[in-house]
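Here the structure comes first, spelled out in structure tokens, and everything after it is commentary.
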């Protein structure tokens with residue numbers, strides 16, 4: 001009798017291997033096959049985070065998720081990747097799908113789950129969000145008391161309303177809409193701004209002037225906007241623009 | 001020469017000791033004194049999470065943060081607690097302040113930091129938010145693609161607007177405003193609902209009917225609202241109301 005396969009969807013946090021959870025480390029150590037979305041920005045960071053926790057026999061397989069405008073292409077790649085995973089589960093393998101940050105927030109993992117037969121044993125392990133690590137790094141509380149937090153990854157016609165009705169706004173994937181964000185903040189001077197790029201890595205940079213948004217920003221850039229942002233400038237190195 | 005004291009503010013996640021990060025476990029092992037906010041709901045959960053990672057000489061000290069309506073009382077208790085921590089830092093102790101979930105989201109830790117002299121060495125370690133663990137447990141993505149997430153802990157006149165402009169709303173600390181939330185959802189039948197109480201504990205319960213909000217809900221209750229919520233009812237036990 002073949003042992004039953006199991007899929008772990010693992011959130012591996014934003015970049016520091018020590019921000020892995022104990023649960024994630026245990027699952028990584030059991031994995032036969034490790035799938036990681038193939039992306040020039042993300043794959044190497046993901047493998048750097050997990051490498052010391054993998055068993056020496058683990059096989060690492062990048063999965064392609066094309067960012068095509070054509071929805072059909074995106075859907076068929078998700079289905080195809082779910083089939084690849086299914087084959088390994090049918091062989092009784094322990095399979096891991098890695099997600100930077102968390103598997104339930106802006107992750108391709110959730111798309112793959114939609115195509116996976118419900119009969120398979122699946123365990124999803126949460127990870128530290130990038131903005132959670134950033135708020136600790138900056139000593140910047142996201143919410144106190146009754147405050148409200150919003151998290152967005154695009155800028156559309158609803159965004160100004162959302163900003164108006166919330167206290168802290170986290171902008172993820174800013175490189176896709178930095179110009180719109182710049183125009184908004186230029187007009188709305190009641191908001192204060194901090195941007196962190198490549199948080200936790202050696203090339204990390206912190207900015208508190210919106211003028212940094214005049215030029216294209218790195219892929220791993222996160223902006224936090226509040227009415228009042230107090231940064232400990234004695235301990236944090238703020239880059240001038 | 002006395003060794004320099006250090007304060008770690010540690011997010012210990014929602015309840016499962018395996019959701020501690022490696023960084024948190026390392027800091028816990030070095031701690032001379034562990035401070036934990038005193039609360040009948042939270043203190044025992046926090047100590048359960050960390051107990052196996054503490055050194056045997058570590059001293060555990062609950063700190064009182066009265067929930068008084070009088071702001072002056074709240075402010076003076078924060079200042080007083082910062083003074084208690086300062087005394088230990090002056091002795092060169094390694095001090096830990098525990099926060100369920102994350103230290104930068106609705107935590108008394110951020111209030112204490114405001115009263116701590118900036119000269120002290122402070123490291124804040126992020127933790128898994130309760131709603132992050134819940135989304136993994138339910139296999140319920142919080143955001144896909146361009147979707148927006150809001151996180152709130154109260155219900156006021158801005159809340160309906162915020163809900164209208166967002167895709168996923170996480171309601172934390174629901175026991176404080178379950179009646180307002182019930183009235184809103186009763187009128188706005190376009191939203192679907194899931195509530196989880198005591199997530200990850202043996203007494204965990206999952207509900208998908210808003211009628212559960214007719215009666216007072218447990219302290220550890222989190223609601224997620226989306227236009228469409230699909231739960232795997234073969235794997236999740238949904239409680240009837």
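The values are calculated or read from the model by the stated rules, or taken from the named source; none is laboratory data. All values reported here derive from a predicted model rather than from experimental measurement. So basically every Cβ, Gly included, is an ideal-geometry build from the backbone, and we count neighbours across all protein chains shown.
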Legend entry - Filtered residues of the stretch B:8-34 (kept if closer than 16 Å to residue B:113 by Cβ and crowded, with 24+ Cβ neighbours inside 10 Å): B:9, B:10, B:11
Legend entry - Selection status of residue B:169, free of Cβ contacts under 8 Å to residues at least 60 places away in the same chain, closer than 30 Å to residue B:240 by Cβ, more than 7 Å from chain A (Cβ to nearest Cβ) and in a strand (DSSP E or B): yes
Inset, instruction - Give me a count of the residues in the stretch B:27-49 that are within 12 Å of another protein chain (Cβ to nearest Cβ) and in contact with a helix residue (DSSP H, G or I) (Cβ under 7 Å, 6 or more places away or on another chain). - result: 2
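One line per residue, one yes/no per condition, for (1) surrounded by 18 or more Cβ atoms within 10 Å (Cβ to Cβ); (2) at pLDDT 95 or above:
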| site | (1), (2) |
| --- | --- |
| B:66 | no, no |
| B:85 | yes, yes |
| B:89 | yes, yes |
| B:92 | no, yes |
| B:105 | yes, yes |
| B:117 | no, no |
| B:129 | yes, yes |
| B:148 | yes, yes |
Legend entry - Residues within the stretch B:1-15 that are out of contact with any helix residue (DSSP H, G or I) (no Cβ under 8 Å at 6 or more places or on another chain) and either within 12 Å of chain A (Cβ to nearest Cβ) or outside any loop (DSSP other than H, G, I, E, B) (or both), tallied: 0
Legend entry - Residues that are more than 19 Å from residue B:153 (Cα to Cα) and either more than 9 Å from chain B (Cβ to nearest Cβ) or more than 18 Å from the chain's Cα centre (by Cα) (or both), drawn from the stretch A:143-160: A:155, A:156, A:157, A:158, A:159, A:160
Inset, instruction - Kindly list the number of the only condition in (1) buried (at least 18 other Cβ atoms within 10 Å of the Cβ); (2) at negative phi; (3) not in a helix (DSSP H, G or I) that fails for residue A:60. - result: (1)
Legend entry - Test: residue in the stretch B:85-99 that is within 8 Å of chain A (Cβ to nearest Cβ), touching a residue at least 40 places away in the same chain (Cβ under 8 Å) and assigned to a loop (DSSP other than H, G, I, E, B): no
Legend entry - Test: residue A:18 is modelled with pLDDT under 95 and within 14 Å of chain B (Cβ to nearest Cβ): no
Inset, instruction - Scan the stretch B:173-186 and give yes if some residue there is outside any helix (DSSP H, G or I) and either more than 24 Å from the chain's Cα centre (by Cα) or more than 13 Å from chain A (Cβ to nearest Cβ) (or both), otherwise no. - result: no
Inset, instruction - Return the only residue of B:26, B:40 being free of Cβ contacts under 8 Å to residues at least 12 places away in the same chain and either in the same structural domain as residue B:221 (by TED's automatic domain parsing) or part of a helix (DSSP H, G or I) (or both). - result: B:26
Inset, instruction - Check the stretch B:218-238 and report whether any residue there is at pLDDT below 95, within 13 Å of another protein chain (Cβ to nearest Cβ) and under 18 Å from the mean Cα position of the chain (by Cα). - result: no
Inset, instruction - Can you work out which of the residues in the stretch A:213-229 that are touching a helix residue (DSSP H, G or I) at 6+ places or on another chain (Cβ under 9 Å) and in contact (Cβ under 8 Å) with a residue 60 or more places away in the chain is surrounded by the fewest Cβ atoms within 10 Å (Cβ to Cβ)? - result: A:219
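Yes/no matrix, rows are residues, columns are (1) buried (at least 19 other Cβ atoms within 10 Å of the Cβ); (2) over 24 Å from residue A:101 (Cβ atoms); (3) in contact with a helix residue (DSSP H, G or I) (Cβ under 8 Å, 6 or more places away or on another chain); (4) in the same structural domain as residue A:229 (by TED's automatic domain parsing):
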{"position": "A:136", "(1), (2), (3), (4)": "yes, no, no, yes"}
{"position": "A:141", "(1), (2), (3), (4)": "yes, no, yes, yes"}
{"position": "A:155", "(1), (2), (3), (4)": "yes, no, yes, yes"}
{"position": "A:187", "(1), (2), (3), (4)": "no, yes, no, yes"}
{"position": "A:192", "(1), (2), (3), (4)": "no, yes, no, yes"}
Inset, instruction - Just give me the residues in the stretch B:165-181 being more than 24 Å from residue B:147 (Cα to Cα), surrounded by 18 or more Cβ atoms within 10 Å (Cβ to Cβ) and in contact with a helix residue (DSSP H, G or I) (Cβ under 8 Å, 6 or more places away or on another chain), in sequence order. - result: B:178
Inset, instruction - Please verify whether the stretch B:113-124 includes one or more residues that are touching a helix residue (DSSP H, G or I) at 6+ places or on another chain (Cβ under 7 Å), closer than 15 Å to residue A:147 by Cβ and part of a strand (DSSP E or B). - result: no
Inset, instruction - Kindly indicate whether any position in the stretch B:150-161 is under 16 Å from residue B:132 (Cβ atoms), modelled with pLDDT of 95 or more and outside any strand (DSSP E or B). - result: yes
